[in-house]
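A short worksheet on the structure shown next.
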Amino acid sequence: MKKQYDVVILGAGINGVAIAKALAITGKKVLVLEKNHIAFGASSKSSRLIHGGLRYLEEYEFSLIRESLQDQKYLLDTYPALVKLHPFYFPVYKNSKRPDWMIGLGLWLYSLFAKHGKKSVKVSKEEFFSEFKNIKDQNIRAVFKYYDAKTDDVALTHKIALEAQDAGVNILEKTQLKELHLEDNTITFETTQGIFEAKLLINATGAWIDEINKKFNLPSSYSIEKLSGIHIVIDRLLIPEPLLLETASKRIFFMIPNGETTIIGTTERSESSNIDDIKINNEDIEYLLQESNKYLKTELCASDIKEVYIGTRPIIKSKKEISKMSREYKLDLHHIANTRVLHIYGGKLSTFNSLARKVVNLLSKK
Ligand SMILES: Cc1cc2nc3c(=O)[nH]c(=O)nc-3n(C[C@H](O)[C@H](O)[C@H](O)COP(=O)(O)OP(=O)(O)OC[C@H]3O[C@@H](n4cnc5c(N)ncnc54)[C@H](O)[C@@H]3O)c2cc1C
């Protein structure tokens, strides 16, 4: 017996469950198929920040930053137990390639876009070192403080999934899609948990998107660059509040206190293998340890690492060099006879709410 739905969504990451919830609230009967488990993908491998992305200022991605910071305010207000505002510190060293005025201006602009009302300020070195006792105190030029939000990505995704289920969404985990048939009036999904039909398929599989489009011969307007990033989790608390630091090549990385541990990340590597084959590699771990040790009084070594995790971002391909490719998400809708296929390309943890709202608006257009 085939079960009928209005919409079938592939992928139970933050975007899949948020879209499911938003559509169910409008009265749609929604099924989510997840081949692993809720938050298996990038939604459990992030830096756990609900932020505009300070580094996107240098790429002039102002609309993405503005939207993320509007969503940040909504999430701070709606999920205060899961999304919390923190002071972030940015110490600038004498060898920094970014001048103080540029950092000050960038943080001022970032605070202007933010809706939480806290401004960025310069803090004295004495104040900084009195709190950050593990940080080397030589060669420092200035210290800036601004505000951003931290979350627990897994808990947040589960919370939205639960809200989706409360709104009537059926989420099937550990479900493999075996066959997909696109007919004039119906899309049929043959899965390991039964056969389902719907007129609308939403592909919210994050970095798996190209592989699925190829496997099931789905039309699409974009393709992705897969950028993987690792985080190392240090077995103790190194700092009291999040810290932004620069690598030798001017990249920004974070040290983020997390309970009794410290998360350090992230790296950025372009991947050509299939997502399921991407592995953590020792060079990336070494790189994070080395960069961190330039700033820490007591050096870290491999035995201080409690956990390492890797996640992959799907970045829409363009002619730009990888680090400059836009982080904006795109909704890619295709009408095929009387059915529709919508691909979700890209998207941050921070913007799931705007993204879901835009999906509902797009689909309600005649
Ligand atoms: C290293 C790193 C750090 C990041 N840090 C941040 C941050 O601090 N703040 C922020 O806002 N964003 C951050 N991001 C981005 C953010 O994590 C992602 O944009 C977001 O989690 C993407 O969610 P998603 O639902 O689109 O995809 P995913 O969470 O990847 O979910 C896709 C799901 O699809 C499932 N799937 C795959 N194939 C199939 C199939 N055939 N059938 C059914 N299901 C399938 C997968 O199992 C997976 O669960 C980071 C990303 C990375 C990689």
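The values are calculated or read from the model by the stated rules, or taken from the named source; none is laboratory data. Bear in mind the structure is a predicted one, so any value in this text is a computation, not a measurement. No Cβ is skipped: glycine too gets one built from the backbone with ideal geometry, and neighbour counts run over all protein chains shown. The accessibility values were calculated without ligands, DNA or RNA, using every heavy atom of the protein model including side chains. Shrake-Rupley method; radii C 1.70, N 1.55, O 1.52, S 1.80 Å.
In degrees from 0 to 90, rounded to the nearest 10, what is the angle of the helix 14-25 Cα long axis to the longest principal axis of the chain?
So the helix axis and the longest Cα principal axis differ by about 50 degrees.
How high is the FRET efficiency from GLU58 to MET1, r the C-beta distance, R0 45 Å, rounded to 0.05?
Numbers: r = 55 Å, r/R0 = 1.23.
After rounding to 0.05, the efficiency reads 0.25.
Any chance you could look up the accessible area of ASP152 with a 1.4 Å probe, heavy atoms only, rounded to 10 Å²?
Solvent-accessible area, nearest 10 Å²: 70 Å².
Round to the nearest 10 and give me the degree value, 0 to 90, for the angle of helix 153-166's Cα axis relative to the longest principal axis of the chain.
The angle comes out near 30 degrees.
Which residues does the label zone of ASN36 cover in region 171-210, counting backbone N under 12 Å from a point 7 Å along Cα→Cβ?
Zone members listed by number: 174, 206-208.
For every other residue with a beta carbon closer than 13 angstrom to the beta carbon of GLU127, add +1 if it is Lys or Arg and -1 if Asp or Glu, then tell me the sum. Please list the in-between numbers first.
Values: positive: LYS122, LYS125, LYS133, LYS145; negative: GLU126, GLU131, ASP137, GLU241.
My count for the surroundings of GLU127 gives 0.
Per-residue counts of other Cβ atoms within 10 Å, averaged by peptide: what ranking do you get for 225-233, 294-302, highest first? Display every interim value, and only then the final one.
Details: 225-233: 21.4, 294-302: 13.3.
Descending mean neighbour count gives 225-233, 294-302.
Once you place label points 7 Å from the Cα toward the Cβ at LYS317 and LYS119, how far apart are they in nm?
About 4.7 nm, to one decimal.
Compute the long axis of helix 62-78 from its Cα atoms, compare it with the longest principal axis of the Cα atoms of the chain, and write down the angle in degrees, 0 to 90, nearest 10.
80
Using the beta-carbon distance between SER273 and TYR222 and R0 = 22 Å, what value does 1/(1 + (r/R0)^6) give for FRET efficiency, to the nearest 0.05? Intermediate results must be reported in sequence, preceding the final value.
Numbers: r = 20 Å, r/R0 = 0.91.
Computed FRET efficiency for SER273 and TYR222: 0.65.
Between VAL154, ILE202, GLY53, whose Cα lies farthest towards the positive end of the dipole of the chain when Lys and Arg beta carbons carry +1 and Asp and Glu beta carbons carry -1, centred on the Cα centre?
Going by the charge dipole, the pick is GLY53.
At a Förster radius of 25 Å, what calculated FRET efficiency corresponds to the Cβ-Cβ distance of ASP166 and LYS215, to the nearest 0.05?
Details: r = 33 Å, r/R0 = 1.30.
So the FRET efficiency works out to roughly 0.15.
Using a basic spin-label model with each label point 7 Å from the Cα along Cα→Cβ, how many nm lie between LYS84 and LYS330?
The two pseudo-label positions are separated by 3.9 nm.
Could you provide, to the nearest whole Å², the per residue accessible area of the chain with probe 1.4 Å?
Values: 16550 Å² over 366 residues.
Accessible area per residue: 45 Å².
Which of the pairs LYS45/LYS115; LYS45/LYS174; LYS28/LYS84 have their Cα atoms more than 30 Å apart in this structure? List each step's numbers first, then the result.
On the way: LYS45/LYS115 26 Å; LYS45/LYS174 19 Å; LYS28/LYS84 32 Å.
Violating the 30 Å Cα-Cα cut-off are LYS28/LYS84.
With a point put 7 Å past each Cα toward its Cβ, work out how far ASP137 is from ILE280 in nm, to one decimal.
3.5
Using a 1.4 angstrom probe on the protein heavy atoms only, line up MET325, MET102 by accessible area, largest first.
Details: MET325 10, MET102 75 Å².
From most accessible down to least: MET102, MET325.
With a cut-off of 17 Å, note down the residues of region 73-105 whose backbone N falls inside the zone around a label point 7 Å from the Cα of GLU127 toward its beta carbon.
The answer is 86-92, 104-105.
Cβ under 12 Å from ALA20's Cβ, ALA20 left aside: what net charge do those residues give with Lys, Arg +1 and Asp, Glu -1? Mind dumping the intermediate values first?
On the way: positive: LYS21, LYS28, LYS29; negative: ASP6, GLU34, GLU163, ASP166.
Net local charge, ALA20 excluded: -1.
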